[in-house]
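Here's the structure, in structure tokens; my notes come after.
Please treat every number below as a calculation from the coordinates, not as lab data. Bear in mind that the values here come from a model prediction, so they are computed numbers and not experimental data. Neighbour counts run over all protein chains shown; Cβ positions are idealised from the backbone, glycine included.
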Amino acid sequence: MALDMNLVPVYEELKFTGKGIRVAIIDDGIEYTHDDLKDNYDEEISINLNWNKKDPMPRYEDPTNSHGTRCAGEIAMAANNKKCGVGVAYNAKIGGIVLLDGTTDDEMEARALINANSLVDIYSGSWGPKDDGLMVDGPGVMAQIAFEIGATKGRNGKGSIYVFASGNGRMLFDNCASDGYVGNIHTVAISSVTMDGRAPEYAERCAGVIATAYSGGLDNGIKI
């Protein structure tokens, strides 16, 4: 029997749908004209750091530039529009911060982590050091300062929330304790679980993981 995140009672009884929350996805862009995303797109919190412009639309000359859009959909796909699925916070506003569509450095990471930090409630990062089981890495000096600024002064003094994925390198014996973004005191680390409650083959483990959310296995099962 498949497990359930029990979101329907949260929507119907507690009325928590993401309304009033602004989420910035730090990634390779978001296709904000998509029918599932266009009504929740937030231009004010968006920026393209790789190409020095405001527009976060992905460059599909590179076919791999779809990751940020998929992340945005999981968060805030529209409800009841007879298309695709529905985001877990379907009334939240989403913006794109393009950082992964080209060369990046410590300064660019820092800018991404505090972009529009008086407006953004949550920053979502599904990236980190290479998942090869060989590397121990994390934010540079400037990015770490940005984390501290955001977590203490962002969201108009309430502190920005930074959510990071735990990583996909388990099959190469990687451990998210080697990831300085996951283990950072200013981030919330999230891992994944399949529909039958098992850890996917790729999901990294470490003490820094706070919670898990549904994903899929490598070859079968429902995927998001």
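Would you please classify the overall shape of segment 1-68 from the alpha carbon gyration tensor, given that a ≥ b ≥ c denote the square roots of the eigenvalues, rounded means a/c under 1.5, and beyond that prolate means a/b larger than b/c while oblate covers the rest? Taking the square roots of the gyration eigenvalues as a ≥ b ≥ c, segment 1-68 is prolate. Where only DSSP H runs of four or more residues are counted, the chain gives -4000 deg cm²/dmol as its mean residue ellipticity at 222 nm, each run worth -39500 (n - 2.57).
Considering segment 17-142, its Cα convex hull presents a mean projected area of 8.4 nm².
Considering every alpha-carbon pair of the chain, the percent of pairs per 5 Å bin, from zero through the bin containing the longest distance, is 1, 7, 14, 18, 21, 19, 13, 6, 1, 0. Taking Cβ atoms as reference points and 15 Å as the exclusive limit, the residues near Arg205 contribute a net charge of -3, counting Lys and Arg as +1 and Asp and Glu as -1. With springs only between Cα atoms under 10 Å apart, run a GNM on the chain and tell me which of Ala213, Ala92, Ala199 wobbles the most. The residue with the greatest mean-square fluctuation here is Ala213. Listed by chain and number, the lysines whose alpha-carbon sits under 30 Å from that of Lys83, ignoring those within fewer than 8 places in the same chain, are Lys15, Lys19, Lys38, Lys54, Lys93, Lys223.
The gain in end-to-end length when the Leu3 to Asn80 segment is fully stretched comes to 25.5 nm, 0.36 nm per residue minus the alpha carbon separation.
Applied to segment 201-207, the Karplus parametrisation 6.51 cos²θ - 1.76 cosθ + 1.60 on θ = phi - 60° returns per-residue 3J(HN,Hα) values of 4, 8, 6, 6, 10, 5, 5 Hz, with x for Gly and Pro.
FRET efficiency for the pair Lys15 and Ile210, taken as 1/(1 + (r/R0)^6) with r the Cβ-Cβ distance and R0 = 25 Å, rounds to 0.55.
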